[in-house]
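The structure under discussion appears below in the form of structure tokens.
The values are calculated or read from the model by the stated rules, or taken from the named source; none is laboratory data. All figures in this text were calculated on a predicted structure; none of them were measured in a lab. Methodologically, a virtual Cβ is constructed for each residue, glycine included, from the backbone with ideal geometry; neighbour enumeration extends over all protein chains shown.
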Amino acid sequence: METNVLYFSDNFFSAGMTEIFNEQKEVIGKLDLKSAFSSKLDVLNESDEVIVRGAFRFFSSKWSITDKNDEEIGLLRQRLSFFTKRYEYKAYDRGVYQIVSESLSKEYSVLDENDAVIAHFEKTSGFFESPSYKLRNDSSILSNEELIAVVMGITMIMKQNNSAATTGSTT
């Protein structure tokens, strides 16, 4: 995947295959959402080869990103913040990135260690649709596939938080 602007989506039940598109609406890869219950995914290239994988660590709220050989290449976690949504992505040997969004916004910026914006993504879907995303990657360090796994990791962390809040409020 060479292009800088990509479009992809989640499925309603977070399971199954969805396509990744470039700005010309050409399919350049796929997102394989493994199961609604396991919160695992693969990002595949146009030849259906797994490039990166994402999954929660065992009994953890940290989202692990691995390469096609199942070697961990990064770890995403939520950071405590009162008026913004904040996440931290530690790309091993390649830096630590902050992902920030205003509290009610659907737009996120990915900042490098110098607070420069190296990527931007936004949720573009409507209320009754599966979540869809537009990602712009200006990084020469983080691949498109890795950033897609980060975006989906943030989505999975938010789903996990919402599920915990719902479970906690009914007991």
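Annotation note: Cβ proximity below 6 Å between a residue of region 14-32 that is over 15 Å from residue 136 (Cα atoms) and a residue that is hydroxyl-bearing (Ser, Thr, Tyr) and assigned to a loop (DSSP other than H, G, I, E, B) (sequence gap 6+ or interchain) occurs for 15/35. Would you check if residue 88 is of a type outside the set (Gly, Ala, Ser) and touching a strand residue (DSSP E or B) at 6+ places or on another chain (Cβ under 6 Å)? Yes; evaluated as a whole, the condition is true for this residue. The requirement of being modelled with pLDDT under 95 and either at negative phi or touching a strand residue (DSSP E or B) at 6+ places or on another chain (Cβ under 7 Å) (or both) is satisfied by residue 79. Contact map, region 72-95: first residue under 11 Å from residue 62 (Cβ atoms), second residue polar (S, T, N, Q) and surrounded by fewer than 16 Cβ atoms within 10 Å (Cβ to Cβ), Cβ cut-off under 9 Å, separation 6 or more or different chains; pairs are 77/60; 77/61; 78/61; 78/161; 87/98; 88/98; 89/98.
Could you tell me which residue of region 38-52 is surrounded by the fewest Cβ atoms within 10 Å (Cβ to Cβ), considering only residues that are in a strand (DSSP E or B) and touching a residue at least 60 places away in the same chain (Cβ under 8 Å)?
The residue in question is 45.
Which one is farthest from residue 6 (Cα to Cα) among residues in region 107-127 that are part of a loop (DSSP other than H, G, I, E, B) and in contact with a Ser or Thr (Cβ under 8 Å, 6 or more places away or on another chain)? This residue is 112.
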